[in-house]
Amino acid sequence: MAKTQLNVRVDEATAETARERALQRGMSVNRYIEELVQRDAGEVGHTFVDAAADFMKSYESVFAEEFGSRESEGRSRT
């Protein structure tokens, strides 16, 4: 996979923390930051899925009334 270079400015304390955490994990600062971004992007995806599931649960009765429930579909097919 091709890599793109980013230049990021942070205060010295943040830079030192990034260096220390990367060293503790046995990886470069670049890889450490890359993993942080990937993890954050994954959390956004999980947050969306969780919110969608909550929405569906909240409106389950409305969908069942409008489109039929799963239980009634399962019984009618047997």
Collect the residues in segment 34-53 that are modelled with pLDDT of 85 or more and not hydrophobic (A, V, I, L, M, F, W, C), keeping them in residue-number order. GLU34, GLU35, GLN38, ARG39
For segment 23-50, what are the residues that are in a helix (DSSP H, G or I) and among the hydrophobic types (A, V, I, L, M, F, W, C)? LEU23, VAL29, ILE33, LEU36, VAL37, ALA41, VAL44, PHE48, VAL49
Being in a helix (DSSP H, G or I), modelled with pLDDT of 90 or more and acidic (Asp, Glu) is true for just one of GLU20, GLU66, GLU73. Which residue is that? GLU20
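The values are calculated or read from the model by the stated rules, or taken from the named source; none is laboratory data. Remember, predicted model here, so these are calculated numbers, not experimental data.
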